[in-house]
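Engineer: Take a look at this one; I'll ask things after.
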Amino acid sequence: MASPPQCVVTEAISLVGPTSVDLETTAHLETLLQEAGLYETPDETAVREDVLRELQGIIDRWVKFLTDQRGYSDGQGFGIRTEWSEIHGNSPISNLADKATALVLPFGSYRLGVHGRSSDIDALVVGPSYVNRDRDFFTVLAGVLASTEGVTELQPVDLLYANVGLPVVPSDLDLRDRKVLRVATVRSLNGVRVADKILRLVPDAAAFRTTLRCVKHWAKARGVYSNVGGFLGGVGWAILVARVCQLFPNASPSMLLPRFFRTFAQWKWPNPVMLRAIEHDDGELGLHLPVWDPRRNPRDRTHLMPIITPAYPCMNSAYNVSHATLRVIKEQIAIGDAVCQEIVKAGGAGGWGALFQPFNFFNAYKSFLQVDVTVTGGDDDLREWKGWVESRLRQLAARTEADTSGTLLCHLHPQSYAA
C-alpha cells in the first residue's frame with residue numbers, strides 16, 4: 001500500500017487498490033499509449049541522453065572560458081567569499097578555472113518522465129555567481145551554440161539561466177534549499193523545483209506518469225492543451241493529475257483516469273487545486289516574493305481556474321484561462337467523464353480509444369477568424385514572428401469577450417497550419 005505523502009491539503013478519499021481486472025485494463029491503456037507513439041524507443045532515449053551530455057560539455061567549456069578570461073584562476077576578484085566560507089570554511093578557492101562548471105537541469109515533461117518521442121527538452125542552466133544572464137548567457141553562449149555543428153533553429157529563449165551566489169556550482173546542488181533562491185532567478189529555478197516537488201507529493205510516481213500521459217494525450221486530441229492559447233499547459237495538467245493521485249493513493253492508472261474526469265467534472269471553480277498548503281516567506285531570506293493569495297492580492301481574485309504550483313513562490317499555473325477557454329475545458333472534461341463512465345460500465349476492455357477521439361474543431365462552429373502569418377525573411381524569422389503572433393491571440397480572444405460583454409466567446413484552435 002502506498003503511503004500518502006506529507007503536507008497534502010486533505011486526506012485521501014479512498015485507499016482501495018486495483019483488482020486483477022484493473023491491472024489488465026491498465027495494461028491495455030499502456031498498449032494504447034505505445035501504439036500512439038507516446039513512448040520513446042531505447043535508441044531515442046540514448047540520443048536524448050547524448051544531446052544532454054554534449055550540451056553539458058559545451059556549458060562547462062563556456063564557464064571555464066569566462067573564468068579564465070576574467071582572471072579568476074585563484075578565486076579572487078569577486079565578492080562572494082562570505083557565502084563560500086559559510087559552506088567550505090576559510091579554505092581558498094584554488095584552481096577555480098579547473099573547478100568552474102555549470103549544471104544543465106531538464107525540467108517540464110522530461111523531468112517528470114512523461115515526454116514523448118517528439119517532445120522538446122526544456123532545460124535550465126545553473127551557473128556561478130560571476131556569470132550573468134544578459135551578456136554571458138544570451139550573447140556569449142548563444143554565439144558558441146550558433147557556431148556548434150549540429151545546432152539548428154537556435155532561439156535564445158529556449159534555455160533558461162540562473163546564477164547562484166556561489167563561485168563554484170556543486171554537482172549535487174539541492175534546489176530544494178531555499179538559500180539558493182534569489183529574487184532575480186527564482187522564477188527560472190522554479191521549473192525544476194516545481195517538477196521535483198510534484199514527484200515528491202504523489203504517492204506512486206509510476207501510476208502518476210501513466211495517468212498523466214493519458215490525460216495529456218486526451219487534452220491534445222480534444223484541443224485543450226495550450227498554455228499560450230489560454231488553456232492548460234503541461235504543469236497545469238500535471239498538478240490536476242497529481243491531486244487525483246493524492247485522493248486515491250493506491251489506485252492504478254485505469255482507476256485514476258475515470259476518477260480524474262469525475263473529480264474535475266464536479267469541481268467548483270474557482271476553488272483552487274493545491275497539492276500542499278501554500279508556502280509563504282518566513283522572512284529569513286528576505287525574498288518577500290508574492291504568492292497566490294486572493295485574500296491579499298486583488299488580482300488573484302479574478303483568476304477563474306486556480307491550479308497552484310507546489311514550490312515557493314506558489315503561483316497559479318492557469319492564470320491565462322479566460323471565461324471562454326474555461327467553458328471549453330469544462331465541456332471537454334464533462335464529455336471525457338461521460339465516455340469514461342461508459343467504458344467502466346462495459347468493463348474497460350478495449351474501449352479506451354473512444355476517450356482519445358480528436359475533437360472536430362471545424363465541424364463544431366459556423367464562423368471562423370483566420371490569422372495569416374507571413375514574413376519576407378527565412379524560416380528563423382517566420383518562427384520568431386509566428387511565436388509572437390500566437391502569444392497575442394489569447395489577448396485578441398479576451399478583448400473580444402470583454403467588448404461583447406461575454407456574448408461572443410472565442411475558442412482558439414491550439415494548432416497552426418503551414419501553407
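Engineer: Need one word for region 219-334: rounded, prolate or oblate. Basis is the Cα gyration tensor (sqrt eigenvalues a ≥ b ≥ c); a/c below 1.5 gives rounded, then a/b vs b/c decides.
Structural biologist: oblate
Engineer: Let me ask something additional. Please give the helix 253-265 orientation as an angle from the longest Cα principal axis of the chain, in degrees from 0 to 90, rounded to the nearest 10.
Structural biologist: With both axes taken from Cα atoms, the answer is about 80 degrees.
Engineer: Could you tell me which of the pairs Lys197/Lys268; Lys268/Lys330; Lys216/Lys366 are separated by over 21 angstrom between their Cα atoms in the structure shown?
Structural biologist: Result: Lys197/Lys268; Lys216/Lys366 exceed 21 Å.
Engineer: Loop by DSSP (not H, G, I, E, B), at most 12 other beta-carbon atoms within 10 Å: where is the longest site-free stretch of the chain for GluC sites (Glu not before Pro)?
Structural biologist: 12-148
Engineer: Return one number: the angle in degrees, 0 to 90 and rounded to the nearest 10, between the long axis of the Cα atoms of helix 205-221 and the longest principal axis of the Cα atoms of the chain.
Structural biologist: Relative to the chain, helix 205-221 is tipped by roughly 70 degrees.
Engineer: Still on this structure, I have one more. Once every DSSP H run of n ≥ 4 in the chain is given -39500 (n - 2.57) and the sum is divided by its residues, what mean residue ellipticity at 222 nm do you get, rounded to the nearest 500 deg cm²/dmol?
Structural biologist: -13500 deg cm²/dmol
Engineer: Using the alpha-carbon centroid of each, what span in Å lies between region 248-284 and region 206-243?
Structural biologist: 13
Engineer: Can you put Leu355, Leu257, Leu287 in order, fewest other beta carbons within 10 Å first?
Structural biologist: Ascending number of Cβ neighbours within 10 Å: Leu287, Leu355, Leu257.
Engineer: Still on this structure, please answer the following. Based on Cβ point charges of +1 for Lys and Arg and -1 for Asp and Glu, what charge dipole magnitude is obtained for the chain about its Cα centre, in debye rounded to the nearest 20?
Structural biologist: In total the dipole reaches around 1400 debye.
Engineer: Give me, ordered by chain and number, the residues 5 or more places off Asn297 or on other chains with an amide H under 5 Å from its own placed amide H.
Structural biologist: none
Engineer: Once both axes come from the Cα atoms, what is the angle between helix 186-201 and the longest principal axis of the chain, in degrees from 0 to 90, rounded to 10?
Structural biologist: Taking the Cα atoms of the chain, the angle to 186-201 is about 50 degrees.
Engineer: Something else: Note down the relative contact order for the chain as a percent, whole number, built from C-alpha pairs under 8 angstrom at least six residues apart.
Structural biologist: RCO, the chain: 18 percent.
Engineer: Shape of the chain from its Cα gyration tensor (a ≥ b ≥ c, root eigenvalues): rounded if a/c is under 1.5, otherwise prolate when a/b > b/c, or oblate?
Structural biologist: prolate
Engineer: How would you classify region 264-388 from its alpha-carbon gyration tensor, with a ≥ b ≥ c the square roots of the eigenvalues: rounded for a/c under 1.5, else prolate if a/b is greater than b/c, otherwise oblate?
Structural biologist: oblate
Engineer: Please tell me the relative contact order of region 123-219 in percent, rounded to the nearest whole number, where contacts are Cα pairs under 8 Å and at least six residues apart.
Structural biologist: Relative contact order here is 31 percent.
Engineer: Among all the lysines, which ones have a C-alpha under 21 Å from Lys345's C-alpha, if same-chain residues fewer than 8 places away are not counted?
Structural biologist: Counting by Cα, and skipping residues close in sequence, Lys345 has no lysines nearby.
Engineer: What ranking do Lys220, Lys179 get, fewest neighbouring Cβ atoms within 10 angstrom at the top?
Structural biologist: Listed from fewest to most nearby Cβ atoms, that is Lys179, Lys220.
Engineer: Please build a GNM for the chain, connecting alpha carbons under 10 Å apart, and tell me which residue among Val63, Val180, Val21 fluctuates the most.
Structural biologist: Greatest mean-square fluctuation among the candidates belongs to Val21.
Each value in this text was obtained by applying a stated rule to the coordinates, not by laboratory testing. This structure is a prediction, so every number in the text was calculated from the model and none was measured. Positions of Cβ are backbone-derived with ideal geometry, glycine not excepted, and every protein chain shown enters the neighbour counts.
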